[in-house]
Amino acid sequence: MHRIPRDRTLDSTIALMGDPYRFISNRCRRYRSDLFETRLLLRKTICMTGPEAARLFYDPSRFVRRGAMPKAVQKTLLGVGGVQGLDDEAHRQRKQMFMSLMTPERIEQLVQLTAAEWEIRAHGWTAMGEVSLYPELHSLLTRAACAWAGVPLADSEVDARTREIAALFDHAGSVGLRHFWSRWARKRADGWAADIVEQIRGGRIHPPEQSAAHVIAWHRDLNGELLTPQIAAVELINVIRPTVAVSVYMVFVAHALHAHPKVREMLQAGDDGYVGRFVQEVRRYYPFFPAVAARTRQAFEWNGYHFLAGRRVLLDLYGTNQDPRTWERPEDFEPERFRRSDESPFDFIPQGGGDHHVDHRCPGEWIAIELMKQAADFLTRRMSYDVPEQDLRIEWSRLPALPHSRFVISNVRM
Ligand code: HEM
């Protein structure tokens, strides 16, 4: 039996916050191991990296999600009572609700709504001197996501709702005032979405039958009951918030285009296969979601290591996408590496791994991919722009990581 390497510091929370994307892989390299144990928020936690660890992490006989997420994450990013914390049959039933929204036709509808918003917005940018892409994309995507989800949104509401939704993912991982703003935004957003659910149930508004708002408002859980308005609200926000968060990936699309002029030229040729490989490489190369958390269901042995029951475990997503055992020269941006035909659900995991229906893997992967392809199309073929002098270095200690300047463009032409 091997001993799981232990991090020597009393508690590693500050080290994790200082470098959230590389915390696990750096230490694994130091300990020459795919896993090590430390304390995070004073709780013993096993951190793991790599495809083999991912395969273990997504074995539902070994891990549960209930009680795995720190309260601070539930009170901001995720909300309380949503699909992320469910296990077994209850999870499968709730997950099916999300998967039913992800048909090719429904995704195409979102792409069209988003294209219309890009058109309007990009024309507006032609009359502006400089445009900061990240905040502009927040409101563009809030409008598209709400229209798609069947959530009414008056023009006068757009700015306030956009700020609240963005605060859920943009400020959740920070400390101090920004974190409290995220908690307050969670209360506002949940209240807003619960009110929409009650209006639907009361017959006061009638979103289309296939829309997220309708599906979630009328979804029945294992016991045949409707979700409480609070939980239905969390699930509705679970659709809108991450769609707006695709703005992070879109900024990285712009960043990659700027950093790799050859890639931009290839994209301008409009080869759909290449656009797909480019988007996958952006999701592999750039940092977004650092890690996911679970708890051991019971004690077990794996590769000669003993895992105690109820232990919190973190799986390194970013580091697994950079693992040199899977990726040749992982530090290079190289879309052509996605010509590979040996894909596994455990070695490329920017949005989680395993099976979308059974495991907790993100149901929104196809949405993220399609919206990123569309962003690449707009930024290379439908508009042109200059990139003024700015600080484009990635801010690694931020969650989510972003270029310091958030990506500013100028002199936009259509
Ligand atoms: C913006 C890009 C996105 C990233 C980086 C991302 C990332 C993730 C990650 C890492 C997970 C957790 C996987 C796990 O626990 O094993 C997750 C779960 C989830 N995502 Fe996404 N996601 C994105 C977009 C979306 C979109 C567009 C939607 C819906 C429209 C969505 C809805 C969800 C839901 C509902 C879950 C929980 C699934 C479950 O617990 O079974 N995400 N996502």
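Counting heavy atoms of the protein chains alone, Met128 has an accessible area of about 80 Å² for a 1.4 Å probe. Taking the Kirkwood radius as Rh and the Cα radius of gyration as Rg, segment 13-413 has a ratio of Rg/Rh equal to 0.95. Take every pair of alpha-carbon atoms less than 8 Å apart whose residues are at least six positions apart; their mean separation over the length of segment 23-155 yields a relative contact order of 13 percent. Using only side-chain charges placed at the Cβ, +1 for Lys and Arg and -1 for Asp and Glu, the dipole size of segment 255-317 relative to its Cα centre rounds to 340 debye. Compared with the direct C-alpha span, the chain from Arg92 to Arg204 gains 37.3 nm at full extension, assuming 0.36 nm per residue. Calculated FRET efficiency, Glu108 to His357, Cβ-Cβ distance, R0 = 25 Å: about 0.75 to the nearest 0.05. Can you give the log10 of the normalised intensity I(q)/I(0) at q = 0.14 Å⁻¹, computed with Debye over equal Cα scatterers of segment 298-404? Computed log10 I(q)/I(0) values: -0.88. Restricting the trypsin sites (Lys or Arg not before Pro) of segment 199-254 to loop positions (DSSP other than H, G, I, E, B) with no more than 12 neighbouring Cβ atoms within 10 Å leaves Arg204. Cross-link reach is defined here as a Cα-Cα straight distance under 18 Å, omitting same-chain residues fewer than 8 places apart; for Lys187 the lysines meeting it are Lys71, Lys75. With 0.36 nm allotted per residue and the present C-alpha distance subtracted, the Ser341-Glu301 stretch has 11.2 nm of extension available.
Work out the FRET efficiency for Thr126 and Lys71 from their Cβ-Cβ distance, taking R0 = 41 Å, and round it to the nearest 0.05. Here the calculated transfer efficiency is 0.35. The alpha-carbon atoms of segment 13-151, seen along their principal axes, cover 54, 42, 29 angstrom, with the largest extent given first. Ranked from largest to smallest solvent-accessible area, with a 1.4 Å probe on the protein heavy atoms, Glu198, Glu157, Glu235, Glu328 come out as Glu328, Glu198, Glu157, Glu235.
Accessible surface area normalised per residue over the chain is 44 Å², counting heavy atoms of protein chains with a 1.4 Å rolling probe. Full extension of the chain between Asp19 and Phe180 gives 55.8 nm of extra length, using 0.36 nm per residue less the Cα-Cα distance. Span-like helix check, the chain: qualifying full DSSP H segments, with Cα axial length of 27 Å or more and mean Kyte-Doolittle of -1.0 or more, are 104-126, 177-201, 229-259. In whole percent, and with a 1.4 Å probe on the protein chains, what portion of the accessible area of segment 13-413 is carbon and sulfur? Summing carbon and sulfur atoms, their accessible area is 53 percent of the total for segment 13-413. Placing a pseudo-label 7 Å from each Cα along the Cα-to-Cβ vector at Gln390 and Asn223 gives an inter-label distance of 5.0 nm.
Among 293-300, 146-153, the peptide with the highest mean count of other Cβ atoms within 10 Å heads the list, and the full ranking is 146-153, 293-300. Considering only Cα atoms, the convex hull volume of segment 211-360 works out to 164 Å³ per residue.
The values are calculated or read from the model by the stated rules, or taken from the named source; none is laboratory data. What you see is a predicted model, and the numbers here were worked out from it, not measured in a lab. In this analysis, Cβ positions are derived from the backbone assuming ideal geometry, glycine residues included, and neighbour counts consider all displayed protein chains. Protein only, heavy atoms only, side chains kept; ligands, DNA and RNA dropped before computing areas. Shrake-Rupley method; radii C 1.70, N 1.55, O 1.52, S 1.80 Å.
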